[in-house]
Amino acid sequence: SGGYFEKILRKRKPDVVNIQSILSSTIPLVLACIRAHAPFIFTIHASNSDTSIESANTIYSFIWEKYIYFLGNNDIPVITVSSGIKRQIQENMSKNKFIKKEKNIIVIPNAINISYDQKSYDIREKFAIPKSKKIILYIGSICERKNQDFFLDILDEIDENILNNYCIMFLGNNTEKDTFINRIKNSKISQFIRVCNFISQNEIANFYMEAD
């Protein structure tokens, strides 16, 4: 696929190529960009935490290991969407004695584009949140990789008199199901939290516009 992709690049001369994910075709695509002198960026939206390099000999683990090694040795910048993914990449590189170059891993959070024309309802009214409380959003699938437990641990350490000024809202698919809900119910901070589960793209602007 690299040769064909290189021909397309030489013909189209793109301003920039965005290569995502780690697949068997990733390195040939990167090499095609280099040979065609086409500027490119590489983004990783997930880590290898679910399929550890040190675990079973899967094809994915093999590709991940070789690719991270390739990036480190060739000073190719990597863009991730969170500091958590950056940390996991660095841990994988360190565990496997790869070259660890923090300057090559850059965090650029996902951007959002909203306008007040998109507002369809008042979340304070829908969730009975007083105007006096500030709203904190935590957006992302509720799972180990997103590490909501760490955030809850921090909240547990905050004085209740301070938390009383806030409403913390979790938005995202709850893959942890009862585990996450029970963790909140059995804590002192349950009264300050709303678990909203999945919110559609058509609705999410309502939350962003009210968040503090």
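Here are the numbers for the structure shown:
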| item | result |
| --- | --- |
| Pairs with Cβ under 9 Å, 6+ apart, first in the range 123-137 and over 17 Å from residue 196 (Cα atoms), second surrounded by fewer than 15 Cβ atoms within 10 Å (Cβ to Cβ) and among the hydrophobic types (A, V, I, L, M, F, W, C) | none |
| Residue count for the range 118-142, restricted to those that are more than 20 Å from residue 201 (Cα to Cα) and in contact with a Phe, Trp or Tyr (Cβ under 9 Å, 6 or more places away or on another chain) | 2 |
| Selection from the range 143-178 of residues that are in a helix (DSSP H, G or I) and charged (D, E, K, R) | 144, 145, 146, 149, 153, 156, 160, 178 |
| Matching option when the condition is charged (D, E, K, R), surrounded by 13 or more Cβ atoms within 10 Å (Cβ to Cβ), over 30 Å from residue 191 (Cβ atoms) and at pLDDT 75 or above, among 101, 119, 86, 133 | 86 |
| Matching residues, the range 1-24, being open to solvent by 40 Å² or more (accessible area, probe 1.4 Å) and closer than 20 Å to residue 71 by Cβ | 1, 5, 16, 18, 20, 21, 23, 24 |
| Pair list, Cβ < 8 Å and 6+ apart or interchain, from the range 142-165 residues that are within 11 Å of residue 184 (Cα to Cα) to residues that are open to solvent by 40 Å² or more (accessible area, probe 1.4 Å) and modelled with pLDDT of 90 or more | none |
| Where residue 199 falls short, out of the listed (1) touching a Phe, Trp or Tyr at 6+ places or on another chain (Cβ under 7 Å); (2) under 20 Å from residue 133 (Cα atoms); (3) not hydroxyl-bearing (Ser, Thr, Tyr) | (2) |
| Long-range neighbours under 8 Å by Cβ, at least six apart or interchain, first residue under 22 Å from residue 202 (Cβ atoms) within the range 171-183, second open to solvent by 70 Å² or more (accessible area, probe 1.4 Å) and basic (Lys, Arg) | 172/146 |
| Residue list for the range 174-199, filter: open to solvent by 80 Å² or more (accessible area, probe 1.4 Å) and within 22 Å of the chain's Cα centre (by Cα) | 175, 177, 179, 198 |
| Selection count where residues are assigned to a helix (DSSP H, G or I), over 19 Å from residue 153 (Cβ atoms) and not small (Gly, Ala, Ser), scope the range 179-212 | 9 |
| Subset of the range 25-46 that is part of a helix (DSSP H, G or I), of a type outside the set (Gly, Ala, Ser) and without any contact (Cβ under 8 Å) to a residue 40 or more places away in the chain - its residue that is most open to solvent (accessible area, probe 1.4 Å) | 35 |
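The values are calculated or read from the model by the stated rules, or taken from the named source; none is laboratory data. In this text the structure is predicted, and so the values were computed from the model without any measurement. Neighbour counts are summed over all protein chains in view; Cβ atoms, including those assigned to glycine, are modelled from backbone coordinates with ideal geometry. Quick note on the areas: whole protein, heavy atoms, side chains included, nothing else; ligands and nucleic acids left out. Shrake-Rupley method; radii C 1.70, N 1.55, O 1.52, S 1.80 Å.
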